[in-house]
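In what follows, a structure is listed as structure tokens, so that the remarks can point back to it.
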Amino acid sequence: MAEPQRPDIARDLIDRAQEARERRSKLSRALSHAEIGMGRHCDHANAQVLRRVIGDHGWPGRSMVGAEGADAAARIALHADTDPDFQRSALRLIAAAVDSGEATSRQWAHLFDRCRVNAGHAQTYGTQYRLSATSVELLPVHDAQHLDERRARLGLPPFSTAQEAIRRRYARESGAEHALDDEPAQAEPLDAAA
């Protein structure tokens, strides 16, 4: 694959997404209000950086920032829960990027579900979970009996495979009393993406 056109932007997005991932993986489930606030502040700041990148250059797709940078941009948008208007805008941009080969349908599906959950609706692709005291719980899914058909159309694995993967991650990391890797803490939705 060709070098990204903007490796500087790629590195910044990757670093920010990785820092947020590491922060989430180190937080215990019994978070203080200060820890929750700091996490939201970090996610908000990352979203503002992504907003500036989009304003200056458009959606940071594969050709601009490489596959890893594009994935980081999608993860930053996914965790921009404090700015639902920005998330919906990013969703539209990712949809166009999927059409042009600059983003993946997986990135779009995860953000689509997150936007639906944040708007108080059932998700479509079964990518969003909530961390409870003892497990991870799938958030409501619209028309659950046809879930695997919808997932297959986007190239997502069967729901049972995805659910088992997130349960294994939870079991592995719950022994250390930490929130799931790459997931928002407490009552915010979790994303099934690794």
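Observations, loosely collected:
- The single residue among Arg130, Arg88 that is among the basic types (Lys, Arg) and without any contact (Cβ under 8 Å) to a residue 60 or more places away in the chain turns out to be Arg88.
- Test: residue in region 23-33 that is at pLDDT 95 or above, in a helix (DSSP H, G or I) and open to solvent by less than 50 Å² (accessible area, probe 1.4 Å): no
- Just one residue in the set Gly58, Gly37 is farther than 29 Å from Pro157 by Cα, surrounded by fewer than 16 Cβ atoms within 10 Å (Cβ to Cβ) and touching a residue at least 24 places away in the same chain (Cβ under 8 Å); that residue is Gly58.
- Which numbered condition His121 fails, given (1) in contact with a Pro (Cβ under 9 Å, 6 or more places away or on another chain); (2) of a type outside the set (Gly, Ala, Ser); (3) crowded, with 17+ Cβ neighbours inside 10 Å: (3)
- Check on Leu91, touching a strand residue (DSSP E or B) at 6+ places or on another chain (Cβ under 9 Å) and either within 22 Å of Ile9 (Cα to Cα) or open to solvent by 10 Å² or more (accessible area, probe 1.4 Å) (or both): no
- Apart from one condition, Phe112 fits all of (1) open to solvent by less than 40 Å² (accessible area, probe 1.4 Å); (2) at pLDDT 95 or above; (3) outside any loop (DSSP other than H, G, I, E, B); (4) within 27 Å of Arg51 (Cβ to Cβ); the exception is (1).
- Pick from region 127-170, criterion open to solvent by 60 Å² or more (accessible area, probe 1.4 Å) and polar (S, T, N, Q), ranking: modelled with the lowest pLDDT: Thr134
The values are calculated or read from the model by the stated rules, or taken from the named source; none is laboratory data. Everything quoted here is computed from the prediction, not taken from an experiment. For neighbour counting, all protein chains shown are included, and Cβ atoms are generated from backbone atoms with ideal geometry for every residue, glycine included. The protein model used for the area step is the full one, side chains on, heavy atoms only, and it has no ligands, DNA or RNA in it. Shrake-Rupley method; radii C 1.70, N 1.55, O 1.52, S 1.80 Å.
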